[in-house]
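Here the structure comes first, spelled out in structure tokens, and everything after it is commentary.
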Amino acid sequence: MNQIILVTDGCSNVGASPVAAAAKAYAEGIIVHVIGITGSEGESGSGWQEISDIARAGGGMSRLVVPHQIAGTMQMMTRKTAVHTIRDMVNEELRQIMGPQTSVEQLHPERRGQVVEVIDRLSESIDLRVALLIDCSSSMLPKIASVKLAARDLMLSLQARKGVSELAVFRFPDPSGCREVSLEVPWTQQLANMRDLFYNLNMKGTTPTGPALLSVINHMLQYQAGGPRLSEADQWQRGNPSVALPDEGGMLSDYMV
């Protein structure tokens, strides 16, 4: 199961429509969630409509949160997506066996409880691949510390699952200014690989959300086609060329094995 969690605090202002990019992701079997970060409780933010539209097009959820709520929101989104996906599969099986109007909710309470237990168990064992796409435009600077902690907490949560869980972290725009997005942490199952997240904070003013989403979608599809057990070095080879590559001995050299 492939997911993108987009974390942003503002409207896109460069490149292709992020709503169209999210629709492309969903068509490719990738669910797109969006976490909108506000400065304080009760603040709606000017980009809320776009945040909602991106998630709707991507078949995912959208939430507007203050920084300390990011970690819990990320974990909730990954869990709910797994449960909903399994539930949809079970409902489809029920419709084929018992008729087109049948669903889990219509089963006898005792039987429904047994099915829900199976759904919960399967949702913990299904394989997950989650790409965090982080807005690193200049307005995000005060919120990056909370995003770093949330990414580590999400990795801990994924490690606690029974199924195989992989996480990658992308940032946009690329700090070099040459590309829309860069791969901050290659696909990993290890928390230790998150230690230097956002070491080089060269914040940019532009917010190319649509192009960044398209780049991450292409990277995920290429990575999936290459198989889930590629080395981290091979990830750079197979990733979409619009994803920035690391300099040898640079800020990402510690991630290479």
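Please work out how much length the chain gains when fully extended from Arg111 to Glu93, using 0.36 nm per residue of separation minus the C-alpha to C-alpha distance, in nm with one decimal.
Taking Arg111 through Glu93 to full extension adds about 5.0 nm, to one decimal.
According to the square roots a ≥ b ≥ c of the eigenvalues of the Cα gyration tensor, what is the shape class of region 84-159, taking rounded for a/c under 1.5, prolate for a/b larger than b/c otherwise, and oblate for the remainder?
Working: a/c = 3.65, a/b = 2.79, b/c = 1.31.
Verdict is prolate for region 84-159.
If I take every Cα pair under 8 Å that is 6 or more residues apart in region 1-145, average their sequence separation and divide by the length, what percent do I get for the relative contact order?
On the way: 202 pairs, mean separation 43.2, N = 145.
Value for region 1-145: 30 percent.
Region 138-177: which trypsin sites (Lys or Arg not before Pro) are DSSP loop and have at most 14 other beta-carbon atoms within 10 angstrom?
Qualifying residues, ordered by number: Lys162.
Given the Cα-Cα distance of Asp153 and Gln75 and 0.36 nm per residue of separation, how much length would full extension add, in nm?
27.3 nm
For a quick check: sort Ile37, Ile119, Ile54 by the number of other beta carbons within 10 angstrom, fewest at the front.
Ile119, Ile37, Ile54
If each residue of separation counts as 0.36 nm, what is the full-extension length gain between Ser176 and Ala27 once their alpha-carbon separation is subtracted?
50.5 nm
Since every read-out is calculated from the coordinates, none of them should be taken as a lab result. Worth saying up front: this structure is predicted, and the values here are computed from it rather than measured. Virtual Cβ from ideal backbone geometry, glycine too; neighbours counted across all protein chains shown.
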